[in-house]
Amino acid sequence: MRGKCYRFSKGMAYTRKKYIHGSPQNKISKFTMGDPAGSFDLRASLIVLDGGQIRHNALEAARIASNKVLFDKLGEKGYCLRIMVYPHMILRENKMMAFAGADRLQEGMRKAFGKPIGSAARVKPDQVIIISEVPSAALDLVKVSMRVGSSKIPLPCRVEIVKLEKAIAP
């Protein structure tokens, strides 16, 4: 099984876990890291340029890599990082045996529906997949964090940074 086999979506969505027995558990452990209630000046968004599918282990790798860069320099309360997509799509694989005499044991393409092997998030072009909020002093750090996270994603990405406006209390 290779990740590039599942990069592009084919066919209808296969998401009803009610009917799918034995689907593997999602590898993403947390969708929000840092201080979600904090007040920050900048918002950096990781945006995919092409549509496709992102496997759950690629999302988890991007989360860990981005979070490590921010956590090491800003501490636990100095940022907020959110994963904005959820891997709903169940991926299937028709496993083939590859040893001597396997042709007598397997059915080939007859009834080749496949067993569940993982999950993926279907994304559209220009969809935000990771958001990070930081203070304005950490502009260069958040750029590095998003670049490191985008290297784990199988689709081309860009980073967009927006200055947040402070809400004035009445």
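Which of Y79, Y14 has the fewest other C-beta atoms within 10 Å, and how do the rest follow up to the most?
Placing the least packed residue first, the sequence is Y14, Y79.
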* To do: Among the lysines, select those whose C-alpha is under 25 Å from the C-alpha of K77, and discard any that sit fewer than 8 residues away in the same chain.
  => K27, K30, K68, K143, K152, K163, K166
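Can you give the alpha-carbon Rg of the chain over 2.2 N^0.38 Å, where N counts its residues?
Working: Rg = 19.7 Å, N = 170, 2.2 N^0.38 = 15.5 Å.
After normalising by residue count via 2.2 N^0.38 Å, the value is 1.27.
Taking neighbour Cβ counts within 10 Å as the exposure measure, how do E133, E60, E76, E93 sort from fewest upward?
Working: E133 23, E60 18, E76 10, E93 14.
Result, fewest neighbours first: E76, E93, E60, E133.
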* To do: Sum -39500 (n - 2.57) across every DSSP H segment of at least 4 residues in the chain, then divide by the residue count to get the 222 nm mean residue ellipticity, nearest 500.
  => -6000 deg cm²/dmol
* Taking only C-alpha pairs under 8 Å that are 6+ residues apart, what is the relative contact order of the chain in percent? -> 39
* Asked: To the nearest 10 degrees, how steep is helix 56-74 against the longest Cα principal axis of the chain, on a 0 to 90 scale?
  -> 20
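Where a number appears in this text, it was derived from the coordinates with a stated rule and is not lab data. The shown structure was predicted, so the numbers you read here are calculated from the model rather than taken from an experiment. In this analysis, Cβ positions are derived from the backbone assuming ideal geometry, glycine residues included, and neighbour counts consider all displayed protein chains.
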